[in-house]
């Protein structure tokens, strides 16, 4: 049992083979679950492939994420919607279009059309004629990227997001609203993000006034790096002093509106501080007065500390008699974590270096969460059909 933050921190750079052995021992005999899950996963994939692909799915099939073109498209999808002026948008499109050959991928109408569009922009990038013809191509490229980004971004504002979500909510889906682009660089930005979160909580909470249980309502995710511009481990005391009151204020607002608030995960270097701030907010008497158990957090399974962190969270839940919602993800910034560790000259990494080890960590952590559903409200995020099926098998017989 790792009930203290220092015990969890000790796992940051633990030998990967030792971590995996511990996880495998916890999982135990897995053969029966795996066989059933594999069959279910195959059925899920067949069903998904039978659906006609949307534009962004077709483009991703044509340009795999392992290719330069696929990565270029992801850069555009992530950055373009957040650039306010047309000139900078055009410069980004020009730069990205010229960074790949636009010849890879599978054949087909969408592939040929996108090869021509982005390839032509790339070839024109260094020509004087670009100034005359580029607006047309940039407009075309921007339209393609807007459609592509629509597969990942619901809307550009909380109001339009709520409006677009209604048709999905009618089918039984719920949303946890994230705000893209968080990470305050100045105190003014941090204040603006705090206000945006507060406004979003009020608007989300107003949508379902008759529903009393936050489990039946949409929620919101909050990044600590958006609430304070110096969210750094070396400034721990300063961070806690300034950031904790902001997080508590948002958590109390979420409690008043009875919606789920998830503290979103970020980079591994700040994980210890992340857990400490969450624990301080969770145990604060001001929040406890609301009898609110919708204040939770996200855990990244590619971090070596995800599995031992469950013991710390379990102890918090048991001591204060409140459920903790946990959103388990695999993690999206593996390349950055590896690069940061290498730049620091570290011998080991805070994340697993092999995908299969991250999968083992995810399964073990999911199993541990599901063994304590009286303390945790489990939420599982993944794009992998086999992982979905395994979690489904692990959930059989569990009261959630």
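Screening residue 308 with (1) touching a helix residue (DSSP H, G or I) at 6+ places or on another chain (Cβ under 8 Å); (2) part of a strand (DSSP E or B) gives one miss only, at (2). Scanning region 248-280 for residues that are assigned to a helix (DSSP H, G or I) and touching a strand residue (DSSP E or B) at 6+ places or on another chain (Cβ under 7 Å), we see that the one that is nearest to residue 342 (Cα to Cα) is 268.
Being out of contact with any helix residue (DSSP H, G or I) (no Cβ under 9 Å at 6 or more places or on another chain), closer than 23 Å to residue 13 by Cα and not in a loop (DSSP other than H, G, I, E, B) holds for only one residue in 342, 318, and it is 342. Taken over region 190-213, the residue count meeting the criterion of being more than 23 Å from residue 160 (Cβ to Cβ) and assigned to a helix (DSSP H, G or I) is 2.
Restricted to region 83-102, and to residues there that are part of a loop (DSSP other than H, G, I, E, B) and within 17 Å of residue 73 (Cβ to Cβ), the residue that is modelled with the highest pLDDT is 83. Here 266, 232 are screened, and the one residue that is surrounded by fewer than 21 Cβ atoms within 10 Å (Cβ to Cβ), touching a helix residue (DSSP H, G or I) at 6+ places or on another chain (Cβ under 8 Å) and under 30 Å from residue 160 (Cβ atoms) is 266. Restricting attention to region 165-189 and to residues that are in a helix (DSSP H, G or I) and not assigned by TED's automatic domain parsing to the domain that holds residue 264, the residue that is farthest from residue 226 (Cα to Cα) turns out to be 167.
Taken over region 324-340, residues that are free of Cβ contacts under 8 Å to residues at least 60 places away in the same chain and surrounded by 18 or more Cβ atoms within 10 Å (Cβ to Cβ) amount to 4.
The values are calculated or read from the model by the stated rules, or taken from the named source; none is laboratory data. None of these values were measured; they are calculated from a predicted model. As a convention, Cβ positions derive from the backbone with ideal geometry for all residues, glycine included, and neighbour counts pool all protein chains shown.
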